[in-house]
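Read through the structure below, which is laid out as structure tokens, and then see the notes.
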Ligand SMILES: C[S@@+](CC[C@H](N)C(=O)[O-])C[C@H]1O[C@@H](n2cnc3c(N)ncnc32)[C@H](O)[C@@H]1O
């Protein structure tokens, strides 16, 4: 069964408490990673940028602040997340309801496409990356921020404990939705290792693919060029 229906319903239900939970859960580091992702996108002055799975709009807003003459679209399939985005950042960004699997754009439309925490939630990462590749201009950058399954090193037992017990507990207390944050951990553990994800970027056609990990290897930022 496709993940889409459940994922959409879950984000619709946590939209109002999503941002506060993010700040607490990442010890305030989440904006630093988004800033790194935006810097990697190599956006030209007056560029066109698509922030897919924009949620409550943080990445789209950073793009718009750093590149005020750019045209920024924030797209997501959760209308409640988009409503929060519009409330927080207003209409200098174009907010669009759409599914990342089928983008309502012609080929070669954007100078850069960014997304935070999208691929872990889709059925087929390669399919979405091919769709992103299609709408990018030649020379345009894709940048993807997501969680990554932790490596089995000396810190692994502590990280595992935090992921399996700490985060769902915070989810229960702050977001009042333990299941949503249980899903976050399950989908992280089931997601591709960073190296495998880099190979999927290459299979979609991207060149110069690279990645960097953060937060004791539990967050990864991947990039590539069309
Ligand atoms: C964890 S939130 C991330 C929001 C934002 N990018 C951020 O950095 O905080 C994931 C978002 O992906 C959206 N999403 C998941 N699958 C999607 C799909 N197939 N098409 C469009 N949006 C999707 C969800 O609705 C949700 O808003």
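Read-outs: derived from the displayed coordinates by stated rules, not from any lab. What you are looking at is a predicted structure, and each value in this text was computed from that prediction instead of being measured. Every residue, glycine as well, gets a Cβ built from its backbone with ideal geometry; the counts of neighbours run over all protein chains shown.
Structure above, values below:
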| quantity | calculated |
| --- | --- |
| Of residues in segment 148-159 being part of a helix (DSSP H, G or I) and without any contact (Cβ under 8 Å) to a residue 24 or more places away in the chain, the one farthest from residue 215 (Cα to Cα) | 157 |
| Tally of residues being buried (at least 22 other Cβ atoms within 10 Å of the Cβ) and either free of Cβ contacts under 8 Å to residues at least 60 places away in the same chain or over 26 Å from residue 10 (Cα atoms) (or both) across segment 44-53 | 1 |
| Check on residue 115, near the ligand (Cβ under 8 Å from one of its atoms) and crowded, with 21+ Cβ neighbours inside 10 Å | yes |
| Helices (runs of 4 or more DSSP H) wholly inside segment 1-92 that include at least 3 residues being within 14 Å of the chain's Cα centre (by Cα) and within 12 Å of the ligand (Cβ to nearest atom) | 18-25, 30-40, 58-66 |
| So residue 99, is it within 16 Å of the ligand (Cβ to nearest atom), under 16 Å from the mean Cα position of the chain (by Cα) and surrounded by fewer than 15 Cβ atoms within 10 Å (Cβ to Cβ) | no |
| Among (1) over 20 Å from residue 33 (Cβ atoms); (2) surrounded by 13 or more Cβ atoms within 10 Å (Cβ to Cβ), the one test that residue 81 misses | (1) |
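Here's the yes/no breakdown for (1) under 18 Å from residue 37 (Cβ atoms); (2) in a helix (DSSP H, G or I); (3) without any contact (Cβ under 8 Å) to a residue 24 or more places away in the chain:
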{"site": "171", "(1), (2), (3)": "no, yes, no"}
{"site": "187", "(1), (2), (3)": "no, yes, no"}
{"site": "200", "(1), (2), (3)": "yes, yes, no"}
{"site": "222", "(1), (2), (3)": "yes, no, no"}
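Yes/no matrix, rows are residues, columns are (1) out of contact with any strand residue (DSSP E or B) (no Cβ under 8 Å at 6 or more places or on another chain); (2) in contact (Cβ under 8 Å) with a residue 60 or more places away in the chain; (3) more than 14 Å from the ligand (Cβ to nearest atom); (4) over 16 Å from residue 198 (Cα atoms):
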residue	(1), (2), (3), (4)
121	yes, yes, no, yes
129	no, yes, no, no
132	no, yes, no, no
138	yes, yes, yes, yes
143	no, yes, no, no
146	no, yes, no, no
161	yes, no, yes, yes
165	yes, no, yes, yes
